[in-house]
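*Asks:* What follows is a structure written as structure tokens; I'll ask about it next.
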Amino acid sequence: MPWNEPGGNNNDKDPWGGRSSSNKGSKGNSSGTDNVEELTRKLNEKVTNIFGGGKSNGGSGGGNDSGSAGISKTGALLIGAILLGIWLFSGFYTVDSAQRGVELRFGAYEETTQPGLHWHLPYPFETVELVDVDKNRTAKDRTHMLTKDENIVDVGVSVQYKIKAPEDYLFNVYLADYEPQQSVGTLYHVMRSAVREVIGRNTMDGILKDNRAGFAPDTLKVMQEILNGYKSGIHVIKVNLTYAEAPKQVKDAFDDANRAREDKDKYKNEAETYEKKVIPTARGNAARIIEDATAYTSQVISKAVGDSTRFSQLATEYDKAPEVTRERLYLETMEKVLSNNRKIMIDSKSGNNLLYLPLDQLSGSNNNGSSNQQLSPAVASAVQQRMIKQQAQASRSTSRSNPREAR
């Protein structure tokens, strides 16, 4: 009979033991290992009874079978309750401050939840899609496009956008932006379409130079109108024109044309600067000349009026006293004439008929023969006539005072 066959005394055939039943009660063989094995065995039996796996020992009757069935039903209910609790607990979810939760019931939109802790019917009844609405997303594109004047321009565009309405973003447009491969998303095609429309309305010079600043606002407006028409739930924040140049094949010729245009603008600005500088100067000079002429006119007129008034007054005085007026005019004239010339005083009452005139002083010459100041011919003639007149008067006076000598 085998050592583990039921029925019979197999204690002596235990391959791990090797001890007899008479030694079971001995203190030396009841170690901690036996206690652990006993506890493990009892625990296994209880778990087996709970899950309905227990069996009757030997030839026991049907009472034990009914007890085992009752324990198995209780275990099933307990397991069901635990599983139900786990299933219901799986319906809790948390929405971050930068997110919005979109609840779906059997795949259809139910509601949008705000940041915080929420609960929904667990799967498969309801599911939740978390959408980041604060994230700045970026879409880029660079391609060749045709302008209004039938030129080709190489354009690079960068678009920044956010999710404004998560429910529209998820359901109204298929692959609204699809960040792993942007060329598949709807936003990419809308961006390219808007860029083509704006470039098609402008010339090459307008895109590269004249209307470069207006390209981004026009593109943003067109993109937002299209996305709003699709009800995509996307809000375009900013459009940047990152690159705009002529194609490489014609870039050299285009650069030459740009340099010529820049030279034209430079010369034009220099001419305008010169014009702004010269015209005010000429106007100032003209105003100054006009003012000088006006002042000279006023001066001449005033002097003429003054001279005529003085002459009229002098004529009136001359009519009243001719001799006095004539003498006064003569003296005033001689005063003006002789005020700046050398003068020689002669004693007209002397009896000498021969007068010595210092011609060197009259002519303005010094002892060395150099002339410092010369008299004008009119002044010299007047002086000579005055001297002759004074000599004649002196001779007549002498003749009257000595009549005998004259006889």
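Readers should treat all values here as calculations from the given coordinates under stated rules, not as data from a laboratory. Bear in mind the structure is a predicted one, so any value in this text is a computation, not a measurement. Here the Cβ is made from the backbone with ideal geometry for all residues, glycine too, and neighbour counts use every protein chain on show.
*Asks:* Which whole number in µm²/s is D for segment 252-342 by Stokes-Einstein, with the Kirkwood Rh taken over Cα pairs at 4 °C and 1.567 mPa s?
*Replies:* Details: Rh = 19.8 Å.
In µm²/s, the coefficient rounds to 65.
*Asks:* Evaluate the charge dipole of segment 241-318 about its Cα centre and quote only its size in Debye, nearest 20, assuming +1 on the Cβ of each Lys and Arg and -1 on the Cβ of each Asp and Glu. Mind showing how you got there, number by number?
*Replies:* Numbers: 13 positive and 14 negative charges, 14 e Å.
Charge dipole, segment 241-318, about its Cα centre: 60 debye, nearest 20.
*Asks:* Could you tell me what a quarter of the Cα convex hull surface of segment 92-131 works out to, in nm² with one decimal place? Could you put the intermediate results ahead of the total?
*Replies:* Numbers: hull surface 9.4 nm².
Its average projected convex-hull area is 2.3 nm².
*Asks:* Mind jotting down a quarter of the surface of the convex hull over the alpha carbons of segment 135-245, in square nanometres, one decimal?
*Replies:* Values: hull surface 25.3 nm².
Taking the Cα atoms of segment 135-245, their convex hull projects to 6.3 nm² on average.
*Asks:* Simple spin-label model, 7 Å along Cα-to-Cβ: residue 144 to residue 73 in nm?
*Replies:* Computed distance between label sites residue 144 and residue 73 equals 8.4 nm.
*Asks:* For the peptides 299-311, 223-235, what is the packing order when you average, over each peptide's residues, the other Cβ atoms within 10 Å and list the highest mean first?
*Replies:* In descending order of packing, they fall as 223-235, 299-311.
*Asks:* If you don't mind, there's one more thing I want to ask. Could you give log10 I(q)/I(0) at q = 0.19, 0.28 Å⁻¹ for segment 143-188, computed by the Debye formula over C-alpha point scatterers of equal weight, without solvent?
*Replies:* Debye intensities relative to I(0), on a log10 scale: -0.72, -1.04.
*Asks:* If you average the alpha carbon positions of segment 239-259 and of segment 92-158, how far apart do those two centres end up, in angstrom?
*Replies:* 36 Å
*Asks:* While we're here: Using the Cβ atoms and a cut-off under 9 Å, what net charge is assigned to the surroundings of residue 126, where Lys and Arg are +1 and Asp and Glu are -1? Working shown, then result.
*Replies:* Details: positive: 105; negative: 103, 110.
Overall, the nearby charge balance is -1.
*Asks:* With +1 on the Cβ of every Lys and Arg and -1 on the Cβ of every Asp and Glu, and nothing else charged, how large is the dipole of segment 135-245 about its Cα centre, in debye rounded to the nearest 20? Each step should come with its number before you reach the end.
*Replies:* Numbers: 15 positive and 14 negative charges, 69 e Å.
That gives segment 135-245 a dipole magnitude of about 340 debye.
*Asks:* Okay, moving on. Using unit Cβ charges (K, R positive; D, E negative) and no other charged atoms, how large, in debye to the nearest 20, is the dipole of segment 92-131 about its Cα centre?
*Replies:* Values: 2 positive and 6 negative charges, 5 e Å.
Value, rounded to 20: 20 debye.
*Asks:* If you don't mind, another one. So how do 208-217, 191-200, 314-323, 236-245 stack up, highest first, on mean other-Cβ count within 10 Å?
*Replies:* Working: 208-217: 14.5, 191-200: 19.3, 314-323: 11.1, 236-245: 16.1.
Ranked by mean Cβ neighbours within 10 Å, highest first: 191-200, 236-245, 208-217, 314-323.
*Asks:* Among 138-147, 73-82, what's the highest-first ranking by average C-beta atoms within 10 angstrom per residue? List each step's numbers first, then the result.
*Replies:* Working: 138-147: 14.7, 73-82: 11.2.
In descending order of packing, they fall as 138-147, 73-82.
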